[in-house]
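Colleague: Mind having a look at this structure? Questions to follow.
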Amino acid sequence: MSNYCIQGATGEWEVVIGLEVHAQISTRSKLFSGASTEFGAEPNSQVSLVDAAMPGMLPVPNRECIRQAVRTGMAIEAQINAWSRFDRKNYFYADLPQGYQISQLYHPIVGEGQLLIEADEKAGIAADKIIGIERIHVEQDAGKLMHDQHPTMSYVDLNRSGVALMEIVSRPDMASPAEAGAYVRKLRAILRYVGSCDGNMEEGSMRADVNVSVRRPGEELGTRTETKNVNSVRFVMQAIEHEAMRQVDVLESGGKIVQETRLFDPGTGTTRTMRSKEDAHDYRYFPDPDLLPLMLEEDFLAECRASLPELPDAKRTRYTDVLGLTPYNARELTAEVETFARFETLLAETAKVISKDQAKVATQVANWSLSVAPGVIKALGDEADPANATAAAQASILAMQDKGEISGGQAKEIFEIVLKTGRDPAEIADAEGLKQVSDTGAIEAAVDAIIAANADKVEQYRGGKEALFGFFVGQTMKAMGGKANPGVVNQLLKAKLG
Amino acid sequence: MTDLTNLGVKDIRDGVAKGDFTAREVASAFNAAVADAAALNAFIVTTPDYALAAADAVDSKRAAGEPLGAMAGVPIGMKDLFATDGVQTTAASHILEGFTPRYESTVSQKLWDAGAGMLGKLNLDQFAMGSSNETSYFGNVASPWKKAGSNAAMSPGGSSGGSSSAVAARIAPAATGTDTGGSIRQPAAFTGICGIKPTYGRCSRWGVVAFASSLDQAGPMARSVEDCAIMLGAMAGFDPKDSTSLDMPVPDWEAALNSDLRGKKVGIPREYRMEGTDQAILDSWEQGKVWLKDAGAEIVDVSLPHTKYALPAYYIVAPAEASSNLARYDGVRYGLRDLPDGSGLQDMYAATRAAGFGDEVKRRILIGTYVLSAGFYDAYYTQAQKVRALVARDFERAFEQCDVILAPTTPTASFPLGSMNEDPLTMYLNDVFAVPASLAGLPAMSVPATINADGLPLGLQLVGRPFDEQSVLNAGLAIQQRADFTAKPDKWW
């Protein structure tokens, strides 16, 4: 359970949150037309006759959009409805050429599913929590109005008109802004794993309608408000925070919450009324007579299932249970597609170069991927050419380190040079003298000389002053010019000091 | 040379192929007839150059020895509901006046591909809403027929009234029609011609201005069953651009025409004996039975118990769909825009749609908006869909007992323009026999049967199983051969 509560003047309040996330389906063409969906094109350059609702034009469902919605449903372990139907949502607006949006009200393509948000002490999420997902339906996006092109007129850009969206509707299962944030991040990760949405909130590929209500602990649900089109995780959390506080203030000062649609202002982090329930449209939903019910065949469903990648939860579990990574590392590495993709490529390459099981080198590769390499890259800034950070180069560095040929410090130095120049790591190690000596003979000679020259300290050490061990290590390393393998040095010193 | 304008589709096609006359001669003759018939107001625009260009293409093909299409050399009228590339397409509405699409409807394209040419765009009831062709923004269409002893202009029926008038007047050998609740069959019956609405999905709706999507179906209107079979063959076929299009092969209906009905059963639906039906209509129905029996068919009584609920259900479903389909005419992207000074978006919508739509269109948008509204949806729309399913089931059961159903097309003959405008409901009742087959998506045809005491044509309707246009055409042919309907309107225009 979440401990999130609002302390009002009259006592505690719980917050109840549900999210409707609109995710643009990653396809090259629109839901019912062949027009392109690419972001950032010239206004009205990606508009088919269907998107502009010319007389006599008809929608034809894009199979790939349906496929991606089904795969997304499968990824949240949802019921897939082999029979679903498109409905028309009727309203007039200049960005809606047909005068209706084709959506799915009565029979969505995806039914009940769920999503796991993980415990995160720092964020205030005490334990893992399952968030219910009520449904996913597929619908058309609208166009965009441009009010800044003319002093008295508004212009319409229909490039987005007809672009396929999934509306993913959660249950009101979240109880804090942190949980809502975690939900959006997790959902985004799943969508990106599946490849059904690029999750790019800045470009509007993903946005959320936030439903918030407050209540006294254990009491019935309060009246909710819906804040529309919130387009970042941070804004979702801010909107909830503000809206919950506002509702508590209203209730505590004897007012009532009005069921209404609100707008979020990212500038101030506040919400304001857009329209009340009384002004709500009557959308006159009815089944779209231009489209037959959508029937999904077994083969199609089987292909959708077979094409699903390993999903975040399964991957995280495999990382800890099979690869032996810490829960922290596993979570960090599986949070983003790019992160795990880089990690898994490097892990495979490193295991191959070293000829060891992946599990044997996974921790080393994880530490390298999560902290060492990003640290070096960050420190170099513009001097680094990320293209030089190939898996082969990094695996070669990790292999040298694994064999004791280079130290951790040398690995970083070599990687720095690799990033700047693209040179071969082994060649750098040789040419730049970035290798440590593991030759027992040379190290033994140095150790012997140091023991001979410091008989008093040897005496003290053997008398119980064990802290002096560091002194001998330091002296030996100094004598070796810093290039002795610390493991070998330790081993020899221990043997000789007795 | 015979008057080419008396020829139908088959005769023109065969005559052009044999070289009896050229396609250009045919096109010229019909262009002249069209130009001479302005009084009918059958065309909104005429396109003589299009007809000639298509004819010349056919003549060149023939000269080059290339194969000719099924409609080669036949100039036709195109109902102005079909989008035609580069030619104004209005649905007979002010709101689309001046709208010139840059695309061609699938059905019209198929006809041009088959060698047909376009005489012009035919007048119709506005957005195909009407049964008399009096709701057109471009004026009423007059039937070429006159009531005996009267000079009153008669209705050609609707909504495909320009089509029926033109074909009956022999200013076009054939025309396209569309049928949502009788809009091919009723005007065909009123004007003594043939018209078939095929199974829903046979003809693509792509590029046809939508009225009620789940009912709209294109079909041919011509003066013989053979001509309808030929032209339907050219119009039909699967279209991936229409999700409701039937993905099945188009039979060669013309080749399989056969008026020998031995072994076939013809059903007579008892519920179609309705009050308010003209005695002459009932008599012609009896005559129809005799003809089909003579052709070898067995006559059986069948029951379609939900018939009386069909019309009310239709007037919920069709307006509901129309109210949504017509939302796109908003003044934003094309067509009429009425933007009063200083007005905003809502004002523009209101002004544009108030000025652009006719009364009947507005009436149906209002009905449709009402029946879909929150709180009324289940009582009206859901209920109507249930009725629709029951009507379809009635037919399914009836077709367990018969192969084709014979019924009147309309309860009355044509009426004078302006005589039915008092109460829209009396007009709606004219489609009472046509609507059930539309709700069930079945192939249905009207063929001319006889002339009533007023000298006006009466039609008989044949309804078939889904996809079985052939049985409908064959029974129609059997009636045609026995009715020997040779009456034609005297030229007054």
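Colleague: Can you tell me which residue is nearest to the other protein chains (Cβ to nearest Cβ) among those in region B:75-96 that are touching a strand residue (DSSP E or B) at 6+ places or on another chain (Cβ under 7 Å) and outside any loop (DSSP other than H, G, I, E, B)?
Modeller: Here the answer is B:Phe82.
Colleague: Considering only residues that are free of Cβ contacts under 8 Å to residues at least 40 places away in the same chain and in contact with a strand residue (DSSP E or B) (Cβ under 7 Å, 6 or more places away or on another chain), look in region A:456-482 and name the one that is surrounded by the fewest Cβ atoms within 10 Å (Cβ to Cβ).
Modeller: Result: A:Met477.
Colleague: Filter region A:153-179 down to the residues that are under 27 Å from the mean Cα position of the chain (by Cα) and part of a strand (DSSP E or B), then identify the one that is nearest to the other protein chains (Cβ to nearest Cβ).
Modeller: A:Ala164
Colleague: Output the qualifying pairs, or none if there are none: Cβ atoms under 6 angstrom, residues six or more apart or on different chains, first residue in region B:379-397 and more than 14 Å from every other protein chain (Cβ to nearest Cβ), second residue surrounded by 14 or more Cβ atoms within 10 Å (Cβ to Cβ) and assigned to a helix (DSSP H, G or I).
Modeller: B:Val387/B:Tyr309; B:Val387/B:Ala313; B:Val391/B:Ala310; B:Val391/B:Pro436; B:Val391/B:Leu439; B:Val391/B:Ala440; B:Ala392/B:Ala440; B:Phe395/B:Ala440
Colleague: Any idea which of B:Ser143, B:Ser131 is among the hydroxyl-bearing types (Ser, Thr, Tyr), away from chain A (no Cβ under 13 Å) and in contact with an Asp or Glu (Cβ under 8 Å, 6 or more places away or on another chain)?
Modeller: B:Ser131
Colleague: If you don't mind, there's one more thing I want to ask. Mind checking which residues of region B:376-424 are out of contact with any strand residue (DSSP E or B) (no Cβ under 8 Å at 6 or more places or on another chain) and closer than 30 Å to B:Asn140 by Cβ?
Modeller: Listed by number, the residues that qualify are B:Pro411, B:Thr412, B:Gly418, B:Ser419, B:Met420, B:Asn421, B:Glu422, B:Asp423, B:Pro424.
Colleague: Go over the candidates A:Ile76, A:Ile17, A:Ile102, A:Ile25 one by one and state the one that is hydrophobic (A, V, I, L, M, F, W, C), crowded, with 22+ Cβ neighbours inside 10 Å, touching a strand residue (DSSP E or B) at 6+ places or on another chain (Cβ under 6 Å) and within 30 Å of B:Arg205 (Cβ to Cβ).
Modeller: Step by step, each of A:Ile76, A:Ile17, A:Ile102, A:Ile25 is checked, and only A:Ile25 is hydrophobic (A, V, I, L, M, F, W, C), crowded, with 22+ Cβ neighbours inside 10 Å, touching a strand residue (DSSP E or B) at 6+ places or on another chain (Cβ under 6 Å) and within 30 Å of B:Arg205 (Cβ to Cβ).
Colleague: What's the number of the only condition in (1) assigned to a loop (DSSP other than H, G, I, E, B); (2) out of contact with any Asp or Glu (no Cβ under 9 Å at 6 or more places or on another chain); (3) touching a residue at least 60 places away in the same chain (Cβ under 8 Å) that B:Ala72 fails to meet?
Modeller: Going through (1) assigned to a loop (DSSP other than H, G, I, E, B); (2) out of contact with any Asp or Glu (no Cβ under 9 Å at 6 or more places or on another chain); (3) touching a residue at least 60 places away in the same chain (Cβ under 8 Å) one by one, B:Ala72 breaks only (3).
Colleague: Filter region A:190-203 for residues that are assigned to a helix (DSSP H, G or I) and modelled with pLDDT under 95 and give the result.
Modeller: Correct list: empty.
Colleague: Another question about this same structure. Mind checking which residues of region B:319-344 are closer than 19 Å to A:Arg88 by Cβ, among the aliphatic types (A, V, I, L, M) and either out of contact with any helix residue (DSSP H, G or I) (no Cβ under 8 Å at 6 or more places or on another chain) or at the interface with chain A (Cβ under 10 Å from one of its Cβ atoms) (or both)?
Modeller: B:Ala320, B:Leu326, B:Ala327, B:Val332
Colleague: Identify, please: which residue in region B:345-378 is touching a residue at least 60 places away in the same chain (Cβ under 8 Å) and under 17 Å from A:Asn90 (Cα atoms) and is, among those, nearest to the other protein chains (Cβ to nearest Cβ)?
Modeller: Ranking the candidates gives B:Arg353 first.
Colleague: Does region B:106-115 contain at least one residue that is outside any loop (DSSP other than H, G, I, E, B) and either closer than 20 Å to B:Gly182 by Cβ or at pLDDT below 95 (or both)?
Modeller: Checking region B:106-115: at least one residue is outside any loop (DSSP other than H, G, I, E, B) and either closer than 20 Å to B:Gly182 by Cβ or at pLDDT below 95 (or both).
Colleague: Right, something else. Based on what the data block shows, is A:Leu49 part of a loop (DSSP other than H, G, I, E, B), within 26 Å of the chain's Cα centre (by Cα), within 14 Å of chain B (Cβ to nearest Cβ) and crowded, with 18+ Cβ neighbours inside 10 Å?
Modeller: When the stated conditions are applied, A:Leu49 does not pass them.
Colleague: Let me ask something else. Which one is farthest from the chain's Cα centre (by Cα) among residues in region B:283-309 that are farther than 19 Å from B:Ala478 by Cα and not small (Gly, Ala, Ser)?
Modeller: B:Asp301
The values are calculated or read from the model by the stated rules, or taken from the named source; none is laboratory data. These numbers were taken from a predicted model, which means no experiment stands behind them. Because the Cβ atoms are built from the backbone with ideal geometry, glycine has one as well, and the counts that use them run over all protein chains shown.
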